[in-house]
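In what follows, a structure is listed as structure tokens, so that the remarks can point back to it.
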Amino acid sequence: MADPSYFVETRWGGSEESPSPSRLAEMVAELDTRDEEHPDTWLVHVPSGWLLRLDEEDYAYLQDEDLETVSHMKGVSREAGLDLWLRFAATGPDGVKSEPWCQGPRVLSAVEVAARRERAESLTLESDRHFFDLLGTEDDTQPCKKVGCTRGRIRYSVLCKVHHFEQVRNHPCPFK
């Protein structure tokens, strides 16, 4: 069998060599499902080593063989993304160079950065709460070993919930 001229890194893991146009359409359509952990998928043009990445926020990214983002484009519909992939698979970067690319990587606006920071803080707090709740109850008959603490220790630890949390998570416990 001949070496593939392209392959796709699928969104949720795995790689497929030279998938058919209908399979490419399925892969692009997967971007309709929101997934913060796996927001993109990409097609690699093997002869050039370049890749064209699509994400769930309707952006396309053109990356060189060193994985440096050369340019990006916003507002790329699923249909347009599939068209870009088909042309890129056939001819590499030359097949898509006439598109209205913006040079360099995407730069997030202050509003986008703030929204992402707020979302990250919310997810961290949610994760911290889950971990804190898993620590169980404190045994008031066995004191926490942290100097000055009057709380009881938790099972399998010499510390109370708060101090065990802080030791493991390496930041102040938001739950007192």
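Sticking with the crude label model, points 7 Å out along Cα→Cβ, report the distance from Gln103 to Leu123 in nm, one decimal please.
3.3 nm
Please build a GNM for the chain, connecting alpha carbons under 10 Å apart, and tell me which residue among Val162, Val147, Val107 fluctuates the most.
Judging by the Gaussian network model, the answer is Val147.
Which value in deg cm²/dmol, rounded to the nearest 500, describes the helix-derived mean residue ellipticity at 222 nm for the chain, given -39,500 (n - 2.57) per DSSP H run of n ≥ 4 and division by the residue count?
Details: 4 runs with 57 residues, N = 176.
Calculated from helices alone, the mean residue ellipticity at 222 nm is -10500 deg cm²/dmol.
Highest GNM mean-square fluctuation, the chain, Cα pairs closer than 10 Å: which of Pro143, Pro19, Pro93?
Pro143
Which cysteines in the chain lack any other cysteine whose Cβ sits under 4.7 Å from their own Cβ?
Cys with no partner Cβ under 4.7 Å: Cys102, Cys173.
Suppose the Debye formula is applied to equal point scatterers at every Cα of segment 6-103; what is log10 I(q)/I(0) at q = 0.13, 0.21 Å⁻¹?
Per q value, in the given order, log10 I(q)/I(0) is -0.37, -1.05.
Over what distance in Å are the Cα centres of segment 50-83 and segment 105-176 separated?
Between the Cα centre of segment 50-83 and that of segment 105-176, the gap is 38 Å.
For the chain, with only Lys/Arg (+1) and Asp/Glu (-1) charged at the beta-carbon, what is the dipole magnitude about the Cα centre, in debye rounded to 20?
Working: 21 positive and 33 negative charges, 244 e Å.
Roughly 1180 debye, rounded to the nearest 20.
Among all lysine pairs in the chain that are eight or more places apart or on different chains, how many have alpha carbons less than 24 angstrom apart? Display every interim value, and only then the final one.
Values: Lys74/Lys97; Lys145/Lys161; Lys145/Lys176; Lys146/Lys161; Lys146/Lys176; Lys161/Lys176.
Lysine pairs meeting the criterion: 6.
Determine the dipole magnitude for segment 58-110: charges of +1 sit on the beta-carbon of Lys and Arg, -1 on that of Asp and Glu, nothing else is charged, the reference point is the Cα centre, and the result goes in debye to the nearest 20.
Values: 5 positive and 9 negative charges, 46 e Å.
That gives segment 58-110 a dipole magnitude of about 220 debye.
Could you compute the longest span of the chain free of chymotrypsin sites (Phe, Trp or Tyr not before Pro) located in DSSP loops and having at most 10 other Cβ atoms within 10 Å, not counting the site residues?
Longest stretch, sites excluded: 13-155.
Out of all Cα-Cα pairs in segment 110-169, roughly what percent, to the nearest whole number, are more than 19 Å apart?
Values: 754 of 1770 pairs.
Summing the P(r) of segment 110-169 above 19 Å gives 43 percent of all pairs.
Add +1 for every Lys or Arg and -1 for every Asp or Glu among the other residues with Cβ under 12 Å from the Cβ of Trp50, and state the total.
On the way: positive: Arg53, Lys97; negative: Asp64, Glu65, Asp66, Glu68, Asp94.
Net charge around Trp50: -3.
Can you list the equivalent-ellipsoid semi-axes of the chain, largest first and in whole Å, using the square root of 5 times each Cα gyration tensor eigenvalue? Before the final figure, lay out each step's value.
On the way: eigenvalues 480, 64, 37 Å².
Taking √(5λ) for each eigenvalue gives 49, 18, 14 Å, largest first.
Laboratory data are not the source of any read-out in this text; all were calculated from the coordinates shown. Remember, it's a predicted structure, so these values are computed and weren't measured experimentally. We place every Cβ from the backbone using ideal geometry, glycine too, and count neighbours over all the protein chains shown.
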